[in-house]
Amino acid sequence: MSITRVWPLQSFIFFHLLLAPWLPPPLLAAAAGGGRWQLLQRSIGVSAMHMQLLHNDVVVIFDRTDFGKSNLSLPNGKCRNDPRDTALKIDCTAHSIEYDVASNSFRPLMVQTDVWCSSGSVMPDGRLIQTGGFNDGERRIRIFNPCSGCDWQEVENGLSARRWYATNHILPNGLQIIVGGRGQFNYEFYPKTGAPKVYNLPFLAQTNDANIENNLYPFVHLNVDGNLFIFANNRAILFDYAHGKVVKTYPAMPGGDPRNYPSTGSSVLLPLKNLQAPVKEAEVLVCGGAPRGSYIKATKGNFVGALTTCGRIKITDPAPQWVMETMPKPRVMGDMTLLPNGNVLIINGAAVGTAGWEIGRNPVFNPVLYRPDNPTGNRFELQNPSSIPRMYHSTAILLRDGRVLVGGSNPHVTYAFTSVLFPTELSLEAFSPPYLDAQYNNLRPRIISPASQAGIGYGMKLLVRFSVVGAVSASRVTVTMVAPSFTTHSFSMNQRLLVIGDGRGVTAVGKSVYEVEAVTPGTRTLAPAGYYLLFVVHQDVPSEGIWIRVQ
């Protein structure tokens, strides 16, 4: 691979010094809970606007094709010829890469049409299906098969409607649902199931703020009953997508402020537990965003402080209510990542302004750990700060070794490396949560069996063998499985964590070797078929994960 343009190190240093007024004050950094940052790549040539981890431990990353030339050439003289592109008709640079986690290396990939602000999800067979985008990419389906030397394949007019700022989710029947997008108050499926090909969703029209929207990239989570929890703006419904019916309308989130693009907050489905119980519960957490009116004010140079609040709701309750909590710092454009031990990492973003071109300010450098099982008022913990602003178009995803891969930040219409507040960021970092500190090495499990890539059935007992150097507290051993997410614009699509073993079945089988009994999810409603990361967690410290395929 060749680098066609390089951001000089002097410029890199200068602009980080330029941003010094936004660095966290020393007392705040000293009070942080922990965690370590590692710069993996100073430049991958593209800005990591979209990321997905695949089951061969590579991460597919891409930005958009109408930025102009990237800093990474396509190989062997290959060029993208696109007469409809708004920046370059012929472009010999890459706008997508495959990042190999183990070797910390990357190779260029080629997307033919514009993938800007698109969506995606991984199918049960492990293929990444990426949908939509801008301009000539708005109805494209792109397929990436995780195999050696593979590249993007494109299907023209694979979508029935334009999909720009839409949200995808894998379903229990193996289909993928694509919800909404700019000017699209409807949804469709991939692969197609027959006519009609587009289904109306009036809720999206009802939550659309005129001239602002505030309901793009809706938060979509698969509930334990098979229906979809859909959150847009400040409202949510439980939706039976198979019959096109609203099953439940939830109360509006207190305060009335929007949480979706461009007032971009984030959301996770909290860990699913007690999966063998006759009645299963599910909770959703929504954090951050921008006060109503912030977007218009920011475009006029009036930057309003971001929201400090999170709302948590038990979506399976007969009469659910939001419980509001306060984060240590305001945050808009933050990413929420489920960690293997069930905690939530809130990372990236800004303290002022909104998503969109040039209208975010005051980067939030400190991640926050949210511990959902702690008492209210004792759930948030500040972590050590990065030094790189991660503003609009930033991403974060969980890796198999428990680190969180962080990249992106390009709040500009094109690549911009000089004479701007926040230069286009081409670097990749890893954040290591405190559980990876060396002081916990004697507690850290190592999975012995099953082997990685093992096929696992539904509702079956699974003996997981692991070793621990130090003494084991059997009551504090759990087994979790995590569905890796497609992450863009502060929302991790398809992200899901299930607790399938709680330590009651831990037995010693040798010197420092133990077995714990887990029970796999009983239905595809709880865990759609596909690849998951399996972890053993001991005293809040996770093992390195292994890949399993649930089928």
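From 278, 271, 262, which residue is surrounded by fewer than 22 Cβ atoms within 10 Å (Cβ to Cβ), of a type outside the set (D, E, K, R) and on the phi < 0 side of the Ramachandran plot?
278
Do we find a residue being surrounded by 23 or more Cβ atoms within 10 Å (Cβ to Cβ) and not hydroxyl-bearing (Ser, Thr, Tyr) anywhere in segment 448-459?
For segment 448-459, residues surrounded by 23 or more Cβ atoms within 10 Å (Cβ to Cβ) and not hydroxyl-bearing (Ser, Thr, Tyr): absent.
Condition check: among the hydroxyl-bearing types (Ser, Thr, Tyr) and open to solvent by 30 Å² or more (accessible area, probe 1.4 Å). Does residue 387 satisfy that?
Taking the combined requirement at face value, the residue satisfies it.
Residue under question is residue 417, and the condition is that it be touching a Lys or Arg at 6+ places or on another chain (Cβ under 9 Å), more than 26 Å from residue 102 (Cβ to Cβ) and either open to solvent by 70 Å² or more (accessible area, probe 1.4 Å) or at pLDDT 95 or above (or both); does it hold?
Against the criterion (touching a Lys or Arg at 6+ places or on another chain (Cβ under 9 Å), more than 26 Å from residue 102 (Cβ to Cβ) and either open to solvent by 70 Å² or more (accessible area, probe 1.4 Å) or at pLDDT 95 or above (or both)), residue 417 qualifies.
Which members of segment 249-259 meet the condition of being open to solvent by less than 60 Å² (accessible area, probe 1.4 Å) and in contact (Cβ under 8 Å) with a residue 40 or more places away in the chain?
250, 251, 253, 257, 258, 259
Determine, yes or no, whether residue 390 is of a type in the set (D, E, K, R), in contact (Cβ under 8 Å) with a residue 40 or more places away in the chain, within 15 Å of residue 42 (Cα to Cα) and out of contact with any Leu (no Cβ under 6 Å at 6 or more places or on another chain).
Taking the combined requirement at face value, the residue satisfies it.
Enumerate the strands (runs of 3 or more DSSP E) found wholly within segment 438-531, keeping only those where 3 or more residues are in contact (Cβ under 8 Å) with a residue 12 or more places away in the chain and hydrophobic (A, V, I, L, M, F, W, C).
461-467, 477-483, 496-501, 513-519
Per-residue answers, yes or no, for (1) farther than 25 Å from residue 121 by Cα; (2) hydroxyl-bearing (Ser, Thr, Tyr); (3) open to solvent by less than 10 Å² (accessible area, probe 1.4 Å); (4) not in a loop (DSSP other than H, G, I, E, B):
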| residue | (1), (2), (3), (4) |
| --- | --- |
| 369 | yes, no, yes, yes |
| 375 | yes, no, no, no |
| 391 | no, no, yes, no |
| 396 | no, no, yes, yes |
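Could you grab me the full set of residues in segment 308-319 that are in contact with a strand residue (DSSP E or B) (Cβ under 7 Å, 6 or more places away or on another chain) and open to solvent by 10 Å² or more (accessible area, probe 1.4 Å)?
Within segment 308-319, 308, 309, 312, 314 qualify.
For segment 344-367, give me each residue that is among the β-branched types (Val, Ile, Thr) and not in a loop (DSSP other than H, G, I, E, B).
Across segment 344-367, the qualifying residues are 344, 346, 347, 352.
If residue 69 satisfies every condition in (1) closer than 20 Å to residue 428 by Cα; (2) open to solvent by less than 50 Å² (accessible area, probe 1.4 Å) but one, which is the exception?
So the condition that residue 69 fails would be (2).
For the structure I just gave you, tell me whether residue 151 is open to solvent by 10 Å² or more (accessible area, probe 1.4 Å), under 28 Å from residue 545 (Cβ atoms) and not hydroxyl-bearing (Ser, Thr, Tyr).
Criteria met by residue 151.
In segment 180-195, what count of residues is obtained for those that are open to solvent by 10 Å² or more (accessible area, probe 1.4 Å) and either touching a helix residue (DSSP H, G or I) at 6+ places or on another chain (Cβ under 7 Å) or at pLDDT 95 or above (or both)?
Residues in segment 180-195 being open to solvent by 10 Å² or more (accessible area, probe 1.4 Å) and either touching a helix residue (DSSP H, G or I) at 6+ places or on another chain (Cβ under 7 Å) or at pLDDT 95 or above (or both): 8 in total.
Could you please tell me which pairs satisfy a Cβ distance under 7 Å, a separation of 6+ or placement on different chains, a first residue in segment 532-551 that is over 24 Å from residue 52 (Cβ atoms) and of a type outside the set (A, V, I, L, M), and a second residue that is open to solvent by less than 10 Å² (accessible area, probe 1.4 Å) and not in a loop (DSSP other than H, G, I, E, B)?
So the pair list comes out as 538/477.
Hey, can you tell me all the residues within segment 274-316 that are more than 30 Å from residue 527 (Cβ to Cβ), in contact (Cβ under 8 Å) with a residue 40 or more places away in the chain and of a type in the set (S, T, N, Q)?
294, 299, 309, listed by residue number.
The values are calculated or read from the model by the stated rules, or taken from the named source; none is laboratory data. As the structure is a computational prediction, the values presented were derived from the model and not from experiment. Counting neighbours? That spans all protein chains shown, and the Cβs are built from the backbone with ideal geometry, glycine included. Heavy atoms of the whole protein, side chains included, go into the accessibility calculation; ligands, DNA and RNA do not. Shrake-Rupley method; radii C 1.70, N 1.55, O 1.52, S 1.80 Å.
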